[in-house]
1. Keeping to the range 29-59, report how many residues are touching a Lys or Arg at 6+ places or on another chain (Cβ under 8 Å), surrounded by 12 or more Cβ atoms within 10 Å (Cβ to Cβ) and not basic (Lys, Arg).
2. Based on what the data block shows, is ARG62 basic (Lys, Arg), surrounded by 13 or more Cβ atoms within 10 Å (Cβ to Cβ) and modelled with pLDDT of 80 or more?
3. From the residues in the range 51-71 that are out of contact with any Leu (no Cβ under 7 Å at 6 or more places or on another chain) and small (Gly, Ala, Ser), which one is nearest to GLY39 (Cα to Cα)?
4. Within the range 5-60, work out how many residues are over 17 Å from ILE71 (Cβ atoms), assigned to a loop (DSSP other than H, G, I, E, B) and of a type in the set (Ser, Thr, Tyr).
5. Please work out if PRO21 is at pLDDT below 85 and either touching a Pro at 6+ places or on another chain (Cβ under 7 Å) or surrounded by 10 or more Cβ atoms within 10 Å (Cβ to Cβ) (or both).
Amino acid sequence: MVQILTEWTDDCWNPDHSGRPQHDGTRFSGDCSRRVLRGGTWGYPLEFLRSAHRFQFELEHRDNGLGFRVIRVDR
């Protein structure tokens, strides 16, 4: 799936998935000055276009290809 934006997540950066929460919650361990981004956008190289692709940037990083997904949870 090609996305319009690479999406910021709330997870702190870790080089791999070891020690991650068993549920799908936010990961607050690791380097929290950097956050995980997922997926790719039309302007990125082909290897970044998978939605499973993950990489990191500092929180202050800005780019026209980065965004976030707004969700609503009914309680």
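The values are calculated or read from the model by the stated rules, or taken from the named source; none is laboratory data. In this text the structure is predicted, and so the values were computed from the model without any measurement. Counting neighbours? That spans all protein chains shown, and the Cβs are built from the backbone with ideal geometry, glycine included.
1. Step one: of the range 29-59, the residues touching a Lys or Arg at 6+ places or on another chain (Cβ under 8 Å) are 36-40, 51-54, 56-59.
Then keep just the ones that are surrounded by 12 or more Cβ atoms within 10 Å (Cβ to Cβ); that gives 36-40, 51, 53-54, 56-57.
In the following step, the residues that additionally are not basic (Lys, Arg) were identified as 36-37, 39-40, 51, 53, 56-57.
So the count comes out to 8.
2. On the way: basic (Lys, Arg): yes; surrounded by 13 or more Cβ atoms within 10 Å (Cβ to Cβ): no; modelled with pLDDT of 80 or more: yes.
Against the criterion (basic (Lys, Arg), surrounded by 13 or more Cβ atoms within 10 Å (Cβ to Cβ) and modelled with pLDDT of 80 or more), ARG62 does not qualify.
3. By that ranking, first place goes to SER51.
4. 3
5. yes
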